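Q: Sending over a structure as structure tokens; questions will come in a sec.
The values are calculated or read from the model by the stated rules, or taken from the named source; none is laboratory data. The structure presented is a predicted model; accordingly, all values stated were derived computationally and were not measured. Here Cβ is always computed from backbone atoms with ideal geometry, including for glycine, and neighbour counts include all displayed protein chains. The protein model used for the area step is the full one, side chains on, heavy atoms only, and it has no ligands, DNA or RNA in it. Shrake-Rupley method; radii C 1.70, N 1.55, O 1.52, S 1.80 Å.
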Amino acid sequence: MLLLGGVEAFQHAPPLARSRALASSSLTPSLASRSFSIPGLRQRQGSVGLRMGLFDTVAKSFGMGKEEATSEGGVVFGVGSPENQKFVKELLVRVESKINVLEEQIEKLTDEQLRAKTQEFQQRLRKGETEEDILDEAFAVVREAAWRVLKLRHYDVQMVGGMVLHQRKLAEMATGEGKTLVATLPSYLNALSGKGVHVVTVNDYLARRDAENMGQIHRFLGLTVGLIQAEMKPEERRANYGCDITYVTNSELGFDYLRDNLAIKPEDIVLTRPFNFCIVDEADSIMIDEARTPLIISEKTAAPAAKYANSAKIATVLEEKVHYTVDEKSQSVTLTERGFSDVEKILNVKDLFNPKDPWSPYIINALKAKSLFKKDVQYVVRANEVMIVDEFTGRVLEGRRWSNGLHQSVEAKEGLKPSSETQTVASITYQSFFRLFPKLSGMTGTARTEAKEFGDIYGLEVLSIPTALPVARRDNPDATFRTQAGKWKAVMGDIARRHTKGQPILIGTTSIAASEQLSKLMTELEVPHEVLNAKPEVVTRENEIVAQAGRAFAITIATNMAGRGTDILLGGNSGFFAKKRIMQKLAPALVDKKNGLPSKEAMEIKQNPACIPLPELSEQAVNKIDEAVQAAASALGSLPSMLDVESLLAVAAETGPVEAGSHLEKLREAYRVVKEEYDVRCKKEKEEVEDLGGLHVIGTERHESRRIDQQLRGRAGRQGDPGSSRFFLALDDRLFQVFGGTSIDGLLDKLKVEEDMPLEAKSVSDALDGVQRRVEEYFYGIRKEMFKYDEILSSQRESIYSMRKKFVTEDSDYMSNTILEYCLDTAEEIVPNYIKEGKLDASGLANKLAQFFDGIQLKDSDIAALKSRDEVRQVVRRQVEEVLERKEGELDAVKESFSFEIERYIILTQVDLLWKQHLKDIDFLKDFIGLRAYKGDPFIEFQQEGFELYQDMLKAVRRNTVYSFFQYKLKNEENKAKAASAAPKKKKEARRSEQRGRYSFQPARRG
């Protein structure tokens, strides 16, 4: 059998050293090294027009955008529906007829003239033109700037991608097609208005890389470029968010938004402008996969450590199906009657649900931790801390925690001290957050399978963009086996045959545990390899491992590669090796250990043990590095962090203009020389790897989403490179067991084949595809339901945050009039309660007013003398206004605008306290509203009660603010003396009727 003989193949293979020697000699010329004769191409010496037309001419010679699927599994990418094809064709016509015709004119401009185009565009926008009016010329300018700065030129299809993003759509572009370069087009165009653009990506490394590399284009054209990193201080964040274009991660942007809405003073706010335009890279990962987990800012409360520890011990002795049942599909655990009885006996309690001493949530969470949350799958333990692993990307989610006590239960299971419990202070889902942008777009390699969700929730239409060159990857049919043993034997066989020839292999797993298990097996067989997962000792080497994954003989085992952001280059990444080699000397010369200098060992190039060792650098190259490092040290002295060193080297590695004779020029020359020496080996290996079929991707299990499987396949076959992929599956894989139901069980009963015999029946592939579709529909249903409920909270959040922001940023007059409004509304709310059936309770009314308005000069005898309800209201209103003026005058006598400071502090404190309680109440309502299904639609019930809870919260904010303000007392005797002689504060004329709309913050009832 083709797929069998894994262990035997390794045992009988020739020594790897012999294979490597063969690989390094007499390499067969590859497609990339052959010459082409392209008719009709302009041939003038040094012509910018030559290189401007070359890429697209070559692409068209290969039939760009017209690739056909072959019987051997060729890939069709970027074709899409007939409507998709028609739309893309129309945009391509626009590129060719309007943008390309401008190139000859644009390329003749000097650097200064090209840069001046930015000011010209800005003036045209101010005079009334729109971004659409100047799009063609602006895109042509960016294309020219990219060539001058980076020696990168946008393909025609990349120009189409830029227009799709500008038109508020989601561009689906294959891996390696230059999405980050595409984003420079709409980000430049939309930044010209001065309203700001956010380019959002999945991690700090990618944000920094894109800001350093793509940011050079924008800086060259006169725009400012900001970068947000996790360790930045508020003042740094404010400055970077104030730039024309800001590169930032989704989590940093989301948390900054929440923190801004907890600010007390204007200077605490970092997002100082309203949201304008946002481009989301890896949009499916951020906007779909992470949509189930909200961003939460919480405060710590004491955790009952003993309850968590005891519950963890009890969970170890309880038996599944006897004491509790587990539903992996819904991720839930339910105690049986015997379970309830036995746990109550163990704890010696009568009721696990006793509200005074509840045990039920602790026991349930302990059982979830035991049965559903596995170490090295859902989480890792790092430095005695439980760290959540993103199931879609395999990355550790820094700062994320499971809520409702589950995180503490997992800690207790691992024998760690339970951390403090938390109470939510502010939260938002990505679904709600990104909808705050008036103009939103995104780009990703895989979106078509989720097009409906993007449309329903974000209003984004998905458009597939053709590849610049035909995709040469072969996606082979899945090999499906009855059992795990058969599957893994076949995987090892496929690895053995390809590795002994020298073909690089990327093996994708769905969990850290699976990657470790496969690594252990390969280590026992003495097969050299690399492992890329969320383990802390591996994460720091991620870029280094990816840089070598395309080299001859390389074997890389990786958890899901979604969002890794670094292309796997066939033959290896010579640019990465050159930067790392220079960094070994540059970093110690500019940064000390106190400022984050890594160890000497950490800066060494750790080569993939399966690959042929990289050559030693020549004496000339070493001397160039030493000269460049000495020049940089003389010019800069020292730098504050490794981040600054990386930025310096990133600029030196590009082709943008630098000052002649400067340290940057010397660093660039050193980089060029070192890269050229590594290029000799990398290009040689690339030719051999191409002849062997390129990178081969092995999938060891289907994921919950077809997108993640496609992303894994997409690591091979970038930019026209050859490549191949095959998934090896077993009918007892977790996905099929949990979601397959009777269809998979039936197959196992019917198919009486050997465990190592691949199943190729159509019924098998249909059943497996059906399972995966059901999984996608199931999780989409969860996200859609969560979104429906969150939309109610979202409208309330927008209302309260808008109200709160005004309290922070508006002047003292606004705050004073708001307090007056609050006082008058509270007084009008009090009065009717003491006039019943035409009888006035003067004593009760006077006491209640004195309780809320300390110092009010209104006795019960004064009230008793009043003859009508209207007269009572008028007198009370006048007295409330006077007591407020006296209170504010007393405070302002102590310090100028002191009343403003106190009013703002009190109202913001009340808003935050009551909003925090409201979030808790809403969570409680959401959890238990389903129990009222007998009364009608649970969602309608939630909508109505949620609205009532919000109205009650707003009233409580008003009442508590009034009461707290008048209860505020001066303690210093000197200040008391100043207050005693103070004159009342007179307000600016503002009629109450005119103020009502301004200070009434009531959200519209949705639905």
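Conditions (1) open to solvent by less than 20 Å² (accessible area, probe 1.4 Å); (2) within 29 Å of residue 914 (Cβ to Cβ); (3) in contact with a His (Cβ under 7 Å, 6 or more places away or on another chain), marked per residue:
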position	(1), (2), (3)
364	no, no, no
375	no, no, no
399	no, yes, no
436	no, yes, no
455	no, no, no
466	yes, no, no
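Q: Being of a type in the set (S, T, N, Q) and not in a loop (DSSP other than H, G, I, E, B) is the filter here; which residues of segment 101-140 pass it?
A: Selection gives 105, 113, 118, 119, 122, 123.
Q: Right, here's the next one. Restricting to segment 642-697, what's the tally of residues that are open to solvent by 20 Å² or more (accessible area, probe 1.4 Å), of a type in the set (A, V, I, L, M), closer than 22 Å to residue 721 by Cβ and in a helix (DSSP H, G or I)?
A: Within segment 642-697, residues that are open to solvent by 20 Å² or more (accessible area, probe 1.4 Å), of a type in the set (A, V, I, L, M), closer than 22 Å to residue 721 by Cβ and in a helix (DSSP H, G or I) number 1.
Q: Has segment 122-138 got at least one residue that is open to solvent by 10 Å² or more (accessible area, probe 1.4 Å), under 30 Å from the mean Cα position of the chain (by Cα) and at pLDDT below 95?
A: no
Q: Sticking with this one: How do the pairs read when you match residues in segment 905-916 that are within 15 Å of residue 963 (Cβ to Cβ) and assigned by the TED database to the domain that holds residue 263 with residues anywhere that are modelled with pLDDT of 95 or more and open to solvent by less than 30 Å² (accessible area, probe 1.4 Å), using Cβ under 9 Å and keeping only pairs 6 or more apart or on different chains?
A: Every condition considered, no pair remains.
Q: While we're here: Please go through (1) assigned to a loop (DSSP other than H, G, I, E, B); (2) surrounded by 13 or more Cβ atoms within 10 Å (Cβ to Cβ) for residue 353 and return the number of the only condition it doesn't satisfy.
A: (2)
Results for (1) closer than 19 Å to residue 532 by Cβ; (2) in contact with a strand residue (DSSP E or B) (Cβ under 9 Å, 6 or more places away or on another chain); (3) among the acidic types (Asp, Glu), shown as yes or no for each residue.
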| site | (1), (2), (3) |
| --- | --- |
| 678 | no, no, no |
| 686 | no, no, no |
| 692 | no, yes, no |
| 695 | yes, yes, no |
| 698 | yes, yes, no |
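Q: Here's a follow-up. At pLDDT 90 or above and either touching a Ser or Thr at 6+ places or on another chain (Cβ under 7 Å) or open to solvent by 30 Å² or more (accessible area, probe 1.4 Å) (or both): which single residue out of 892, 921 fits that description?
A: 892
Q: Let me ask something else about it. Does segment 209-244 hold any residues that are closer than 17 Å to residue 646 by Cβ, surrounded by 20 or more Cβ atoms within 10 Å (Cβ to Cβ) and among the acidic types (Asp, Glu), and which are they?
A: 210, 212
Q: When you check residue 483 against the structure, is it under 30 Å from residue 283 (Cα atoms) and either at pLDDT below 90 or in contact with a Ser or Thr (Cβ under 6 Å, 6 or more places away or on another chain) (or both), yes or no?
A: Taking the combined requirement at face value, the residue does not satisfy it.
Q: Another question, then. Count, please, the residues in segment 840-872 that happen to be among the acidic types (Asp, Glu) and in a helix (DSSP H, G or I).
A: 4
Q: Quick test for you: out of 594, 683, 600, 666, pick the one residue that is within 20 Å of residue 573 (Cβ to Cβ) and of a type outside the set (Ser, Thr, Tyr).
A: On inspection, the qualifying residue turns out to be 683.
Q: Take residue 172 and tell me if it is in the same structural domain as residue 444 (by the TED database) and either in contact with a Cys (Cβ under 7 Å, 6 or more places away or on another chain) or surrounded by fewer than 24 Cβ atoms within 10 Å (Cβ to Cβ) (or both).
A: Here the answer is no, as residue 172 does not meet what is asked.
Q: So, in segment 786-839, how many residues would count as being outside any helix (DSSP H, G or I) and open to solvent by 60 Å² or more (accessible area, probe 1.4 Å)?
A: The qualifying residues number 6.
Q: Now, a different point. Which condition breaks for residue 595 when tested against (1) buried (at least 17 other Cβ atoms within 10 Å of the Cβ); (2) among the polar types (S, T, N, Q); (3) out of contact with any strand residue (DSSP E or B) (no Cβ under 6 Å at 6 or more places or on another chain)?
A: Answer for residue 595: the failing condition is (1).
Q: Going by the conditions given, is residue 605 among the hydrophobic types (A, V, I, L, M, F, W, C) and open to solvent by less than 20 Å² (accessible area, probe 1.4 Å)?
A: So residue 605 fails the test.
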